[in-house]
Every structure is written in C-alpha cells, then in structure tokens.
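What follows is a single structure, written as structure tokens, with notes after it.
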Amino acid sequence: MIVLIVILVLLVVLVGWAIVSYNGLVRLRNLVQEAWRQIDVELKRRHDLIPNLVETVKGYAAHERGTLDEVIRARNIAAAPSSSVAEQAQQEGILSAALGRLFAVAEAYPDLKANQNFLALQQELSTTEDRIAAGRRYYNANVRTLNTKVESFPSNILAGMFHFTRAEYFEVEEAAQREAPQVSFGTGTASPSLPSGTPDSALPGRVQDTPPAVEPGSTPPFGTPPTS
C-alpha cells in the first residue's frame, strides 16, 4: 500500500511537472512570435519610408543613379517574404549598408539636407531604426530563453516529444551593420570631423584656395604640390 502511494505521488509530480513545463514552452514560443511580429511591423514601416526618401534625394542628386538603384533593389529584396529570420536579418543588413551610402551621398548636397521633406523622412527613419533595435533586443532575449529551455535537461525531453524547436536570432552578421545608419544632418553646424579653427574654405561646398593637409606617412592626393 505504501509503495502504491509512493508511485501515485511520483506520478502526480511527474504529470504536474510535464504540464508546467509544457505551458512554459508554449508561453515562450508565443513571446518569441509576438516579439517578431513587432519587429515585422517596424520593418514594413522602414520599407515604406525608403521609396519616398529615394524620390526626394533623386530630385537633388538624380545623377547618383547607381546609389539610388542599389537602395531600391536592396529594399525590394528585404521587403519580399523571407524563408527564415536569419535570411531576413542578412537582407536588412544589406539594406542598412545601402542606406549608409545613400546618406553619405546626401552629405554633399546642402540644399537636400535643408529640404523639409527630407528632414521629416530622415527623422521618421531614425525613429523606426531605434524601434527595430529595441525590438531586436527584446526578441533575441526571448529567443535565448526559449532555446535554453529547449536544449536543457529534462525540459528538452518534453520539447522533443511536442516538437518545440530552437528559434533563430535576429542579428546582422557584420559588426559595421549592427548600428542604424546615421541619418541626422544638422544644418548650419560645422562638421564634427573638422577640427576647431578650420577655415571656411575647408567646409563642405566651399572652394578650397589651399591644398588640404596631408597626414604624416600618407600619400598626397593627385595634383597636390609637395611641401617642403
């Protein structure tokens, strides 16, 4: 009789553990899916902003056709349905790199940087990038928790029985692509890369009367007269 009671107690404990573990796995899987849906909403918003941004840039820099086409091509690939989260992350990384080159081009057009539509679009894009970054951190945290459950003993036994699998992280592969492209261009402010006391002739968009300084050990640009 005592043995029977012990067996029943163990059975109840086992069933209770199985129910709690199963519900925990379901909850984690739902959190991962919900976190991904939040990222997906922001990615769609990002994809919707880019064509308007390209059209605005085109009005001032139409001859930069290669860069503009590259951004649209990367945007269209990223906006297409992806087979996996990892593939989507790779495509978004390529798009971020293309956007970075687009804003580098825009740096050479003061009139474009002062355009109100361009300023509004870059602000919306910057906000969207911040939301994507925050959503990625939340999503990856839930993925880590789920994957730990799926791989840890003894919950991995239950995960295998009910086909709970590892989720993919949403990460770009290159470190240079992990940060959102810089989309903030201040108007009427000196470039932060220029040292204090730089003459006006060295500012972007001004004709330089004197040749640029050459860093020690570097090769002077073509046409720069040698210095004594």
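Below, the figures for the structure above:
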{"item": "Subset tally (residues that are acidic (Asp, Glu), within 21 Å of residue 131 (Cα to Cα) and at pLDDT below 90) for the range 43-91", "result": "0"}
{"item": "Only one of 147, 117 that is assigned to a helix (DSSP H, G or I), modelled with pLDDT of 95 or more and not aromatic (Phe, Trp, Tyr)", "result": "147"}
{"item": "Meets criteria (touching a residue at least 24 places away in the same chain (Cβ under 8 Å), in a helix (DSSP H, G or I), under 24 Å from residue 122 (Cα atoms) and aliphatic (A, V, I, L, M)) for residue 78", "result": "yes"}
{"item": "Where a residue in the range 136-149 is within 11 Å of residue 29 (Cα to Cα) and its partner, wherever it lies, is among the basic types (Lys, Arg) and not in a helix (DSSP H, G or I), with Cβ under 9 Å and at least six apart", "result": "143/166; 146/166; 147/166"}
{"item": "Every residue from the range 99-109 that is part of a helix (DSSP H, G or I), surrounded by 14 or more Cβ atoms within 10 Å (Cβ to Cβ) and out of contact with any Ser or Thr (no Cβ under 8 Å at 6 or more places or on another chain)", "result": "99, 100, 103, 106"}
{"item": "Pair list, Cβ under 6 Å, 6 or more apart: the range 85-100 residue more than 14 Å from residue 47 (Cβ to Cβ), other residue buried (at least 19 other Cβ atoms within 10 Å of the Cβ) and among the polar types (S, T, N, Q)", "result": "93/177; 97/177"}
{"item": "Candidates 30, 52, filtered to the one that is in a helix (DSSP H, G or I), of a type outside the set (Gly, Ala, Ser), more than 19 Å from the chain's Cα centre (by Cα) and within 30 Å of residue 147 (Cβ to Cβ)", "result": "30"}
{"item": "Filter result for residue 59 (under 25 Å from residue 169 (Cα atoms) and either buried (at least 18 other Cβ atoms within 10 Å of the Cβ) or of a type outside the set (S, T, N, Q) (or both))", "result": "no"}
{"item": "Single residue of 73, 65 found to be free of Cβ contacts under 8 Å to residues at least 40 places away in the same chain, within 27 Å of the chain's Cα centre (by Cα) and loosely packed, with under 12 Cβ neighbours inside 10 Å", "result": "65"}
{"item": "Residue tally, condition in contact with a Phe, Trp or Tyr (Cβ under 6 Å, 6 or more places away or on another chain), within 28 Å of residue 61 (Cα to Cα) and basic (Lys, Arg), over the range 85-139", "result": "1"}
{"item": "Residue that is nearest to residue 133 (Cα to Cα) [pool: residues in the range 7-42 that are in contact with a Gly (Cβ under 9 Å, 6 or more places away or on another chain) and of a type in the set (A, V, I, L, M)]", "result": "39"}
{"item": "Hey, residue 141 at pLDDT 95 or above and either within 25 Å of residue 43 (Cβ to Cβ) or not acidic (Asp, Glu) (or both) or not", "result": "yes"}
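The values are calculated or read from the model by the stated rules, or taken from the named source; none is laboratory data. For clarity, every value in this text was computed on a predicted model and none was experimentally measured. Positions of Cβ are generated from backbone atoms using ideal geometry, with glycine treated the same way; all protein chains shown enter the neighbour counts.
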